[in-house]
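Novice: Structure provided below as structure tokens; questions to follow.
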Amino acid sequence: MVHQQSLSDQSRFSAVLNRLQLGKLLRNAGIRKSFGLSALAIYQLVFSLVFEGKNWFRLLESNRNNALPGKDVVYRFLNHSDFGWRTFLHSLSLHVVRQFETLTSAKRVKVFIIDDSTLQRNRSKKAELLARVFDHASGRFSKGYTMLTLGWSDGFSFAPLDFVMLSSANMANRINEMIATISKRSKGYKRRLESLTRKPDAVVGLIQRALQAGFRADYVLMDSWFTQVPLIRRLAAEGLAAIGMVKEMKQRYLYQGQRLTLSELYRVLPKNKQTAIWSSVIVQTSCGLPVKLVFVQNRNKRREWLAILSSDLTLEPNEIVRIYGMRWSIETFFKVTKSYLKLGTEFQGRSFDMLISHTTVVFSRYLVMEFERRQAADERTLGGLFYLFADEVRDQGFENALQQLMSLFVEMARATTKKSKQSVLCQLQDWIAGLPLYIKGLFRDLSCES
């Protein structure tokens, strides 16, 4: 993650935002103002609050208050019900993801990651669509919302693509309903209706919108709550294979003519406990869907096992475990946005529109930081010449190096004078000095006498 002081440098901060064309993306999403400060100026002000180390109230009380707009200007901007925040987030994420794709091989696995997190509002009473939601981390119900998030990852970078702020599909769990004055033609009304959908339906909607926006991935990674056969089948209809953790339930799997639970299946399979992957098998679910199950050792409790399901039967067990490990990046994303980027705490208005707009701003903060981190950490961003040189060094294999070495030995054998032999030996020394480190370490130190 980029250090805060690097983004507080205004010249660098402005350069990153200009490179990502935020003003153009805001206009294309219909986020604009008819008078006063531009939408881009207000967006940049809200965007930079967390890097100032102050909230909006404290910033207005500082000595900079004369150069700042009034409080109502920012609140009207965040509470606008017809701004296309989803279009803006899709466009910004797609721009960043395409930058990442230019730095990675086309053969590299890219994944969608689905997960949810709870935004608690336990002290709120009149927040719109406030509901009692179940927090999987604490195992208790709390007042707030469930933020269902779709992310993209190439194993090195993570980009949040979209989110649905869920209230509750059960009316008994909803503390407040949506306001009656909202226009049914507005984008805000559609986001409110979306908050009342069931979680599996919301997942499919997120995937479909991402594919329509131009995002591409090889697999969808999920935790045990989402790894259900109906959802896997719906993802397969979109052309996506699923990989997810499986928990012990009443679900039975068909193996050698027997219908077994997950525990029963584990007991009858041959195991190799010399490695972290104990066993793997291809089975069928109760509805006839073929899946591959991989049983791995639980690192926290080494005598216990965990099961990972893959709907792609061609993957090797090691590859399934490696790809599923990419899911951890969304957990890091939740930690950073809540602890450092003030998700759910910087603005706590009663309006559902403010909840959507501020969450989008926080997601865009993370995108900009991830973009800046990739630009600073990836050597392939240093220029085309360095990129080609790095490829040449990386692709030089041991067989090629051995062939070049043998050709030097042949030249040395053909040398007839002492001077010519010394010349070939010096060429050998220069050649070894230019080899990659892993090949250079195979040779002893050579010296050249004059």
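Novice: Could you give the length gained by full extension between Lys54 and Ser420, i.e. 0.36 nm per residue of separation minus their alpha carbon distance, to one decimal place? Walk me through the intermediate numbers first.
Specialist: Working: separation 366, 0.36 × 366 = 131.76 nm, distance 7.27 nm.
In short, 124.5 nm is gained.
Novice: What distance in nm lies between label points placed 7 Å from Cα along the C-beta direction at Leu193 and Thr314?
Specialist: If labels sit at Leu193 and Thr314, their model points lie 4.0 nm apart.
Novice: May I ask you to compute the full-extension gain from Tyr75 to Ala377, defined as 0.36 nm times their residue separation minus their alpha-carbon distance, rounded to one decimal in nm?
Specialist: Residue separation times 0.36 nm, minus the Cα-Cα distance, leaves 105.0 nm.
Novice: Using the Kirkwood radius over C-alpha pairs as Rh, can you work out the diffusion coefficient of the range 248-337 via Stokes-Einstein at 25 °C, viscosity 0.890 mPa s, in µm² per second?
Specialist: Values: Rh = 14.2 Å.
Rounded to a whole number, D works out at 173 µm²/s.
Novice: Give the lysines reachable from Lys184 as a straight Cα distance under 22 Å; neighbours fewer than 8 places away on the same chain don't count.
Specialist: Straight-distance partners of Lys184: Lys33, Lys126.
Novice: Compute the distance in nm between two label points, each set 7 Å from the Cα along the Cα-to-Cβ direction, one at Glu61 and one at Gln44.
Specialist: 2.7
Novice: Take peptides 204-212, 282-290 and line them up by average Cβ neighbours within 10 Å, highest first, as a rough protection proxy.
Specialist: Descending packing order for the listed peptides: 204-212, 282-290.
Novice: Could you tell me whether the range 181-249 comes out rounded, prolate or oblate from its Cα gyration tensor? Rule is a ≥ b ≥ c as square roots of the eigenvalues, rounded for a/c under 1.5, then prolate if a/b exceeds b/c, otherwise oblate.
Specialist: Details: a/c = 3.25, a/b = 1.67, b/c = 1.95.
Oblate is the answer for the range 181-249, as a/c is 1.5 or above yet b/c matches or exceeds a/b.
Novice: Next question. May I ask you to derive the FRET efficiency for Ser14 and Ser142 from their Cβ-Cβ distance with R0 = 35 Å, giving the value to the nearest 0.05?
Specialist: 0.30
Novice: DSSP loop chymotrypsin sites (Phe, Trp or Tyr not before Pro) in the range 102-145 with at most 14 other Cβ atoms within 10 Å of their Cβ, which ones?
Specialist: Taking the range 102-145 and a limit of 14 other Cβ atoms within 10 Å, no loop chymotrypsin sites (Phe, Trp or Tyr not before Pro) are found.
Novice: Amide H of Leu161 versus every other amide H placed in the peptide plane: which residues, excluding those fewer than 5 positions away on the same chain, fall under 5 Å?
Specialist: Answer set, sorted by chain and number: Leu150, Gly151, Trp152.
Novice: Taking amide H positions as placed in the peptide plane 1.01 Å from N, state which residues far from Ala242 in sequence (5 or more) or on other chains have amide H under 5 Å from it.
Specialist: Sorted by chain and number, the residues that satisfy this are Val220, Ser311, Asp312.
Novice: Right, next: Give the Kirkwood hydrodynamic radius (Å, one decimal) of the range 11-81, defined as one over the mean of 1/r across all pairs of different Cα atoms. Numbers along the way, then the final one.
Specialist: Values: mean 1/r = 0.0758 Å⁻¹.
Mean inverse Cα-Cα distance, inverted, gives 13.2 Å.
Novice: Sticking with this structure for a sec: Restricting to Cα pairs below 8 Å that are 6+ residues apart, what does the relative contact order work out to for the range 1-130? Please round to a whole percent.
Specialist: The value is 29 percent.
Novice: Which of the trypsin sites (Lys or Arg not before Pro) found in the range 298-336 are in a DSSP loop and have at most 10 neighbouring Cβ atoms, other than their own, within 10 Å?
Specialist: Arg299, Lys301, Arg302, Arg303
Novice: Here's another thing I want to ask about it. Can you work out ³J(HN,Hα) from phi for every residue in the range 329-335, in order, using Karplus 6.51 cos²θ - 1.76 cosθ + 1.60 and θ = phi - 60°, giving whole Hz and x for Gly and Pro?
Specialist: With the stated coefficients, the range 329-335 comes to 4, 6, 5, 4, 4, 4, 5 Hz.
Novice: Any lysines with Cα under 22 Å of the Lys338 Cα? List them, leaving off those in the same chain fewer than 8 positions away.
Specialist: List returned: Lys54, Lys125, Lys143, Lys199.
Novice: Using a Förster distance of 51 angstrom, determine the FRET efficiency expected from the C-beta separation of Arg123 and Gln429, and round it to 0.05.
Specialist: On the way: r = 72 Å, r/R0 = 1.42.
The value I calculate is 0.10.
Values in this text are rule-based calculations from the coordinates and carry no lab data. These numbers come from a predicted model, not from an experiment. Cβ sites come from the backbone with ideal geometry, for glycine too, and all protein chains shown count toward neighbours.
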